[in-house]
Amino acid sequence: MKTQIQNYLNEIDAFKPASLEEVEQFRIRFLGKKGILNDLFEHFKTVPNEEKKEFGQLLNKLKTAVQITIDETKLAFECALSDSAGNDIDLTRPVDLSAGSRHPIFQIQNEILDIFARIGFVVSEGPEIEDDWHNFSALNFPPEHPARDMQDTFFVEKNGGSDDIALRTHTSSVQIRMMEHTKPPIRAVFPGRVYRNETITQRSHCFFHQIEGLYIAENVSFVDLKETLLYFAKEFFGESTEIRLRPSFFPFTEPSAEMDISCMLCGGKGCAFCKHSGWVEILGCGMVDPNVLENCEIDSKKYSGFAFGLGVERITNLKFGVKDLRMFSENDLRFLSQFQGTL
Ligand code: PHE
């Protein structure tokens, strides 16, 4: 009898099932109603008392071995994964961390958001599909403004005027959403993708990324705007960076300006990159137009503020020297892998 049990133990040890079906047959053979173990336990009753101890221990050993073997072989089948080509996937293999990295646009976006977070700007986001009110009307765009034209805007629904639904053309729409549901003081940055109906070339694309900034409180002046942007330029491009503001126009800011930074390649002396001007254009900005505040039910006599909007692709190009905008959305690993671990 003992040799018989020892033979079973050897057999269990060598058991290598090829399918779950075989595991089930093994289970029935040993643990089934008319299985080997039941037989042996029946037999146990007839064993003389002085042999019971040794025989009992052997029987228990056999039972445990059977159970463990069933559990382990079953688990191995249940955990076996394969990819679409039928190759086994080993979940225990260490991850190859060099396989991916954050997209350069989002590396730069996060760096910019961090810089503003350090001076108290919170991050908020709005929808990419936007209504006429948030993208245009509340931002003081007159009804016939050219930006509302089909040539510039991708309309999702064109119902003529205030019922239109479009892909947002700028992140300024998020200013309105923020001001509609938050009481001043407001200090926030809004990153996001924007869409314009432009031909895709080396220098223009039908979608790109912006970061909008908004600060609304009592007694905010143009000096606050200038100092905030100077802080950003120095943090991002380096301590020696200078800025200049040129008068410009946006329907939602008054006065409006465009900001240049001293060319980071020649330090402002003039080179081919800055077209020998010493300056590179970076963003649009201005003091929030009182009409816009009133549209959001913010008292424009009590509160004032500034806003700015920058293009993330543009800044990424300046930082990494990428000449062709299309590279950012083509997902070419030869391009993307160059930005591994850059920030
Ligand atoms: N929304 C403007 C654009 O897309 C940028 C801007 C934002 C200008 C905020 C002024 C203030 O060009």
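The values are calculated or read from the model by the stated rules, or taken from the named source; none is laboratory data. Predicted, not measured: the structure shown is a model, and the values here were computed from it. Positions of Cβ are backbone-derived with ideal geometry, glycine not excepted, and every protein chain shown enters the neighbour counts. Only protein heavy atoms, including side chains, enter the accessible area calculation; ligands, DNA and RNA are left aside. Shrake-Rupley method; radii C 1.70, N 1.55, O 1.52, S 1.80 Å.
Of note:
- The residue that is surrounded by the fewest Cβ atoms within 10 Å (Cβ to Cβ), among those in the stretch 288-343 that are outside any helix (DSSP H, G or I) and of a type in the set (S, T, N, Q), is Asn331.
- There is at least one residue in the stretch 293-306 that is within 16 Å of the ligand (Cβ to nearest atom) and of a type in the set (Phe, Trp, Tyr).
- Taken over the stretch 58-95, residues that are among the acidic types (Asp, Glu) and at pLDDT below 85 amount to 4.
- Condition check for Ser256: within 16 Å of the ligand (Cβ to nearest atom), buried (at least 16 other Cβ atoms within 10 Å of the Cβ) and either modelled with pLDDT of 95 or more or not in a strand (DSSP E or B) (or both): yes
- Residues of the stretch 236-253 classified as more than 10 Å from the ligand (Cβ to nearest atom) and part of a strand (DSSP E or B), total: 5
- For the stretch 199-221, the set of residues classified as modelled with pLDDT of 95 or more and within 21 Å of Val280 (Cα to Cα) consists of Phe208, His209, Gln210, Ile211, Glu212, Gly213, listed by residue number.
- Restricting the search to strands (runs of 3 or more DSSP E) fully inside the stretch 121-232 and requiring at least 3 residues that are touching a residue at least 12 places away in the same chain (Cβ under 8 Å) and surrounded by fewer than 18 Cβ atoms within 10 Å (Cβ to Cβ) gives 207-218.
- Filter pass, Lys34 being closer than 26 Å to Ala18 by Cα, modelled with pLDDT of 90 or more and outside any helix (DSSP H, G or I): yes
- Being free of Cβ contacts under 8 Å to residues at least 12 places away in the same chain, of a type outside the set (A, V, I, L, M, F, W, C) and either farther than 14 Å from Leu283 by Cβ or surrounded by fewer than 17 Cβ atoms within 10 Å (Cβ to Cβ) (or both) is a property that holds for Glu239.
- Pair list, Cβ < 9 Å and 6+ apart or interchain, from the stretch 276-293 residues that are on the phi > 0 side of the Ramachandran plot to residues that are among the aromatic types (Phe, Trp, Tyr): Gly286/Phe222; Gly286/Phe249; Gly286/Phe250; Gly286/Phe252; Gly286/Phe306; Gly286/Phe308
- Hits in the stretch 180-199 - residues which are farther than 22 Å from Asp299 by Cβ and either within 11 Å of the ligand (Cβ to nearest atom) or of a type in the set (Lys, Arg) (or both): Phe190, Arg193, Val194, Arg196
- Matching residues in the stretch 192-218 - criterion: being within 14 Å of Asp324 (Cα to Cα) and of a type in the set (A, V, I, L, M): Ile200
- Selected residue [more than 16 Å from the ligand (Cβ to nearest atom) and at negative phi] from Arg177, Arg148, Arg168, Arg118: Arg118
- Candidates in the stretch 267-283 are the residues that are more than 19 Å from Arg187 (Cβ to Cβ) and within 16 Å of the ligand (Cβ to nearest atom); of these, the one that is least open to solvent (accessible area, probe 1.4 Å) is Ile282.
- Of all residues making up the stretch 42-79, the number that are open to solvent by 90 Å² or more (accessible area, probe 1.4 Å) and of a type in the set (Val, Ile, Thr): 1
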